[in-house]
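Read the structure below first, then the notes.
The values are calculated or read from the model by the stated rules, or taken from the named source; none is laboratory data. Source: prediction; values computed, not measured. As a convention, Cβ positions derive from the backbone with ideal geometry for all residues, glycine included, and neighbour counts pool all protein chains shown. SASA here: full protein model, heavy atoms, side chains in, ligands and nucleic acids out. Shrake-Rupley method; radii C 1.70, N 1.55, O 1.52, S 1.80 Å.
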Amino acid sequence: MLTLRVALTTAILLAISLPLAAQSTATAPRRSPIAGEIFGRVVDSASRAPIGIATVTLSAASPTGAPPLARTTSGADGGFRIQAPRLGTYRIRIVAIGYAPKVIAPLTIAAAMAPVALGTIALVASPIELQSLEVTAPEDAVQLAPDRNTYVVTDMPTTKGGSALDVLKNVPSVDVDIDNTVTLRGDPGVVVQINGRPSPLKGAQLGDFLAQLPADVVEKVEVIPNPSARENPEGVAGIINVVLKEKADPGLSGAVTLSGATTGHIDAGGNLGYQHGALSLYGSYGFFHENRPRTDSLARTNLFLNPITYLDEGADRTQTQQGHTLTGTAGYQLGRSDELSLETLFTTRTEAESNDALFRTLDSGRTLTALNDRLTVGNNDRYNLDATLAEKHHFGDDRHSLSGEVHLLREQEKGPQRVRARDLTLSGSPADTTALEHQSSLDHSDETSLQLDYVRPFSETVQLEAGYKGTFQRFHTALGTDVFDTAQQVFLPDSTRISDFTYDQNVNAAYAILDAEPGKFLLQGGVRLEHAATTFDLVTRKARYDNHYNSAYPSALVAYNFDPAHQIKLSYSTRIRRPDDTDLLDPTPFFLDPLNRTIGNPFLKPEYIRAFELGLQRTAGRSTVQLTPYFRHTQDAVRSIRSIDTAGVVTRTFANVATSDAYGADATVAIRGGRLSGFAGASAFRQVSNAANLGPGLNARTFGWTTRTNLTLKLSRTLDLQSLVSYQGPMTVEQGRIASRTRLSLAARERLMNDRMSLTLRVIDPFNNSRESSFTTDPQFNQVSNRRRMIRGVLLSGTWTFGKPPREHAREPADPGASDSGTP
């Protein structure tokens with residue numbers, strides 16, 4: 001009986017460490033300028049041996065019994081780090097199996113970012129009595145900080161059975177359109193990182209990759225609109241960091257998930273973790289299969305001709321996809337001072353697509369004059385391999401550290417495509433003219449990066465960070481088009497639509513940042529110096545374009561804490577958007593269909609962005625309110641330009657406009673704890689572009705606004721209801737306007753078997769309004785486009801966890817302040 005009780009006690013405390021370990025800041029960089037870090041080491045009072053997996057809980061000093069604000073666990077060496085959310089007075093409680101709890105109180109954080117060293121904390125061996133209790137303070141779903149906002153999606157029912165794109169649709173200020181293009185504050189020039197490392201993919205390719213990444217492998221999303229010189233300087237609008245799950249529980253644990261929807265979507269996967277002593281292993285697998293039907297329509301008025309003509313186009317498009325995702329993480333603590341880790345991510349996807357389009361040409365009296373159709377059928381295969389080997393060394397002071405990593409990325413996408421274009425009679429029957437095409441494409445990218453980061457504290461309030469990063473990238477693209485020759489009855493290459501090029505980009509950068517905390521102020525200044533060398537080698541045209549340039553990216557931050565609940569900050573950064581998207585550069589015509597083509601511009605220059613951001617934040621009780629006005633000035637902004645010719649073909653190309661100014665504001669309200677929790681956010685932005693360098697009539701003024709709410713209602717201890725509602729108002733854009741858009745998703749989750757199992761029922765797009773409309777106005781043509789994706793359905797998902805007991809923790813003593821308090 002005693003053995004069973006000891007085993008049960010051990011299992012209970014190990015279970016506690018899972019959600020707590022995810023919050024450990026032992027190896028994470030300092031991120032919140034208003035937070036204070038507390039660190040120490042837990043040992044046995046008699047043997048002085050380190051105590052691993054001790055639970056460290058941070059709560060307000062008063063009232064006694066206040067809910068925990070943060071938790072972590074000690075490592076194999078007994079060391080721990082925990083982050084205070086703001087300035088104030090706190091209470092630290094430490095619990096370990098077989099030891100009497102210890103409380104350290106009061107503990108005051110008086111200066112922003114000032115670390116508090118608790119030293120060595122000795123626990124006295126003593127049996128402890130445990131009882132089952134529900135954990136009442138899980139990690140906050142929304143964490144608002146001056147430098148970034150974090151949205152924890154691990155427990156978000158409205159993303160169940162979805163992808164990483166569904167996760168991003170739940171994040172304020174972030175939007176995903178019907179083509180899977182990700183934008184932040186209405187700007188597509190955003191860098192999406194995976195675990196803090198930028199992806200070289202851009203636009204639709206990036207969206208397709210995120211669409212195959214299961215939502216279940218995503219832990220949280222960080223939005224960093226105005227990063228410091230420490231971060232990669234790319235991205236006009238900032239950085240979206242998608243953090244994957246990679247923490248293992250003590251012992252052996254795992255989970256299995258299976259989802260199915262009325263739309264034909266199937267999602268299955270699982271994860272397995274093992275942690276013992278200095279070794280930690282974690283892996284996951286996910287499979288998805290889905291059908292994505294879609295309809296497109298276009299109505300164009302050709303004002304270039306006299307008299308004018310009209311074009312009506314309609315298309316039915318289907319995409320059937322399936323993919324596999326594998327993640328793996330291994331970590332090992334090399335003594336007290338060194339940590340070694342390996343992270344891997346591998347995805348593969350196959351896609352079958354067909355697009356059946358009908359074109360109707362009408363004269364000025366809207367009488368049908370021509371009819372033709374175009375059927376495109378293709379297959380696409382893609383894989384992605386991402387691996388990082390990292391090591392971190394702590395010197396005598398844990399804040400004094402040196403870390404390094406090697407990052408490798410390999411990606412490939414290829415597939416054949418067959419096209420059949422026919423002229424039809426006005427009644428719709430096939431005529432004698434039929435054109436056949438075969439296309440093949442290959443996109444391959446390699447990236448290797450080396451990074452070193454050094455942190456040196458000079459005092460309790462002054463710290464230097466410095467580092468180097470070298471990134472070496474190569475993109476290779478090959479596109480071939482063969483047209484059927486009816487006279488010879490063979491397919492012959494079309495020399496005007498063959499492309500083969502290689503784009504090399506090497507960037508070497510060094511940065512330095514100095515932090516100082518005089519009184520209630522936080523001051524930060526830094527600079528990143530960079531040398532970039534690019535080579536665009538267009539083999540088919542025997543042309544080569546070289547570009548070498550040096551850049552400096554200064555950043556600054558001034559923050560003032562009026563009190564623990566109120567803060568104001570002003571930040572500045574310089575950023576860049578490199579024209580390394582091959583779609584922007586390749587001058588080979590790409591035909592979406594005979595009347596719509598895209599031509600890249602290999603002479604594009606990089607954009608330079610200077611951004612200012614003001615932040616106001618107030619915390620009261622369970623709620624936090626954040627208001628963030630901002631201004632961005634962009635030099636040589638890249639914009640798409642459309643024109644039409646006498647044959648009615650619209651050509652889309654790209655050019656640098658002189659300047660572009662964007663300004664706006666974000667507002668976010670987060671509610672924690674209680675029966676109702678979640679967030680509401682709104683964003684409004686305006687952009688003014690000066691394109692006088694390109695010609696008259698191309699200057700543009702745009703305006704847009706969005707709002708989004710994600711609320712969770714706890715109907716009982718086991719039943720949650722969640723709703724996601726987002727609305728994008730009508731938006732003025734260059735050469736036209738985008739219509740408003742509404743999204744709605746509902747979910748209910750029931751936890752069973754004492755939280756070992758959960759069932760989620762999700763209703764997707766109940767009103768079937770997943771559509772987008774845009775209007776283009778130009779002196780040469782007017783155009784109305786409508787796109788609609790059929791995603792309405794009901795999804796049922798089940799998750800079963802194993803290897804860890806129900807959520808339980810140690811019972812508080814009747815008077816913890818008197819019975820187990822002490823000093824280190």
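Could you state the accessible area per residue of segment 599-731 in Å², with a 1.4 Å probe and every protein chain left in place?
Numbers: 5730 Å² over 133 residues.
Result: 43 Å² per residue.
Find out how many positive minus negative residues lie around residue 728, taking Lys and Arg as positive, Asp and Glu as negative, among other residues whose Cβ is under 10 Å from that of residue 728.
Numbers: positive: 708, 741, 743; negative: 175, 177, 772.
Charge balance near residue 728 sits at 0.
Given segment 676-727, report the % of alpha carbon pairs whose separation exceeds 14 Å. Don't jump to the answer; show the numbers that get you there.
Details: 886 of 1326 pairs.
Of all Cα-Cα pairs in segment 676-727, 67 percent lie more than 14 Å apart.
Using the Cα centre as the reference, give the magnitude of the dipole from point charges on the C-beta atoms of the chain (Lys, Arg: +1; Asp, Glu: -1; all else neutral), rounded to the nearest 20 debye. Write out the running numbers ahead of the final one.
Values: 82 positive and 86 negative charges, 393 e Å.
Roughly 1880 debye, rounded to the nearest 20.
With unit charges on the beta carbon (Lys/Arg positive, Asp/Glu negative), name the residue among 454, 547, 654 whose Cα is farthest towards the positive pole of the charge dipole of the chain.
454
Rounded to the nearest percent, how much of the accessible area of the chain (1.4 Å probe, protein heavy atoms only) is carbon and sulfur? Walk me through the numbers before you get to the answer.
Details: 20510 of 34500 Å².
The C+S portion of the solvent-accessible surface of the chain is 59 percent.
Nothing charged except the Cβ atoms of Lys and Arg (+1) and of Asp and Glu (-1): what's the magnitude of the dipole of segment 610-706 about its Cα centre? Round to the nearest 20 debye.
Working: 11 positive and 5 negative charges, 86 e Å.
So the magnitude is around 420 debye.
Placing unit charges on C-beta atoms (Lys and Arg positive, Asp and Glu negative, everything else neutral), compute the dipole magnitude of segment 303-376 about its Cα centre in debye, rounded to 20. Don't skip to the end; give the middle numbers.
Numbers: 6 positive and 11 negative charges, 18 e Å.
Its charge dipole is roughly 80 debye.
May I ask for log10 I(q)/I(0) of segment 332-378 at q = 0.21, 0.28 Å⁻¹, from a Debye sum over the Cα atoms as equal point scatterers with solvent left out?
Values returned for q = 0.21, 0.28 Å⁻¹ are -0.85, -0.99.
Evaluate E = 1/(1 + (r/R0)^6) for residue 549 and residue 362, where r is the Cβ-Cβ distance and R0 equals 51 Å; express this FRET efficiency to the nearest 0.05. Could you put the intermediate results ahead of the total?
Working: r = 50 Å, r/R0 = 0.98.
Calculated value: 0.55.
What is the projected area of the convex hull of the Cα atoms of segment 261-312, averaged over all directions, in nm²?
Numbers: hull surface 32.3 nm².
For segment 261-312, the mean projected area of the Cα convex hull comes to 8.1 nm².
Please work out the Kirkwood hydrodynamic radius for segment 576-625, using every pair of different C-alpha atoms, and report it in angstroms with one decimal place. Spell out each step's value before the answer.
On the way: mean 1/r = 0.0669 Å⁻¹.
About 14.9 Å for segment 576-625.
Lysines near residue 202 by alpha-carbon distance under 27 Å, same-chain residues fewer than 8 away left out - which ones?
Candidates past the 8-residue exclusion: 160, 169, 220, 245, 414, 469, 542, 605.
Given the C-alpha centroids of segment 322-347 and segment 456-493, what is the distance between them in whole angstrom?
24
Between residue 320 and residue 665, take the C-beta separation as r, use R0 = 41 Å, and let me know the FRET efficiency to the nearest 0.05.
Numbers: r = 42 Å, r/R0 = 1.03.
Plugging the Cβ-Cβ distance into 1/(1 + (r/R0)^6) gives 0.45.
Return the calculated 222 nm mean residue ellipticity for the chain, to the nearest 500 deg cm²/dmol, obtained by summing -39500 (n - 2.57) across DSSP H runs with n ≥ 4 and dividing by the residue count. List each step's numbers first, then the result.
Values: 5 runs with 42 residues, N = 824.
Calculated from helices alone, the mean residue ellipticity at 222 nm is -1500 deg cm²/dmol.
Residue separation times 0.36 nm, minus the C-alpha to C-alpha distance between residue 653 and residue 400: what's the value?
Residue separation times 0.36 nm, minus the Cα-Cα distance, leaves 86.1 nm.
Between rounded, prolate and oblate, where does segment 394-478 land on the alpha carbon gyration tensor, with a ≥ b ≥ c its root eigenvalues, rounded for a/c under 1.5, else prolate if a/b exceeds b/c? Can you show the working numbers first?
Values: a/c = 7.34, a/b = 4.14, b/c = 1.77.
It comes out prolate by the Cα gyration axes.
Pull out a ≥ b ≥ c, the square roots of the eigenvalues of the alpha-carbon gyration tensor of the chain, then state rounded if a/c is under 1.5, prolate if not and a/b is larger than b/c, and oblate in the remaining case.
Numbers: a/c = 2.04, a/b = 1.75, b/c = 1.16.
Since a/c reaches 1.5 and a/b is larger than b/c, the shape of the chain is classed as prolate.
So, counting K/R as plus one and D/E as minus one, what does the shell of residues with Cβ under 13 Å around residue 389 add up to? Don't jump to the answer; show the numbers that get you there.
On the way: positive: 197, 392; negative: 339, 343, 386, 391, 405.
Summing Lys/Arg as +1 and Asp/Glu as -1 gives -3.
Using a 1.4 angstrom probe with every protein chain in place, what is the largest-first accessible-area order of 160, 169?
Values: 160 30, 169 50 Å².
Most to least solvent-accessible, the answer reads 169, 160.
Does segment 597-740 come out rounded, prolate or oblate, given a ≥ b ≥ c as the square roots of the eigenvalues of its C-alpha gyration tensor, rounded meaning a/c under 1.5 and, failing that, prolate meaning a/b above b/c? Write out the running numbers ahead of the final one.
Details: a/c = 3.44, a/b = 2.07, b/c = 1.66.
Since a/c reaches 1.5 and a/b is larger than b/c, the shape of segment 597-740 is classed as prolate.
Heads up, I need the accessible area for residue 663: 1.4 angstrom probe, whole protein in place, Å², nearest 10.
Near enough 100 Å² of accessible area.
log₁₀ I(q)/I(0) of segment 545-594 at q = 0.13, 0.18 Å⁻¹, via Debye over equal Cα point scatterers, no solvent, to two decimals?
For the requested q values the scattering log ratios are -0.63, -0.79.
With N residues in segment 472-629, what two-decimal value do you get for its Cα radius of gyration over 2.2 N^0.38 Å?
Numbers: Rg = 24.8 Å, N = 158, 2.2 N^0.38 = 15.1 Å.
Expressed relative to 2.2 N^0.38 Å, the Cα Rg reads 1.65.
Can you give the FRET efficiency for residue 369 and residue 768, using 1/(1 + (r/R0)^6), R0 = 35 Å, r = Cβ-Cβ distance, to the nearest 0.05? Working shown, then result.
Values: r = 35 Å, r/R0 = 0.99.
With R0 = 35 Å, the Cβ-Cβ based efficiency is 0.50.
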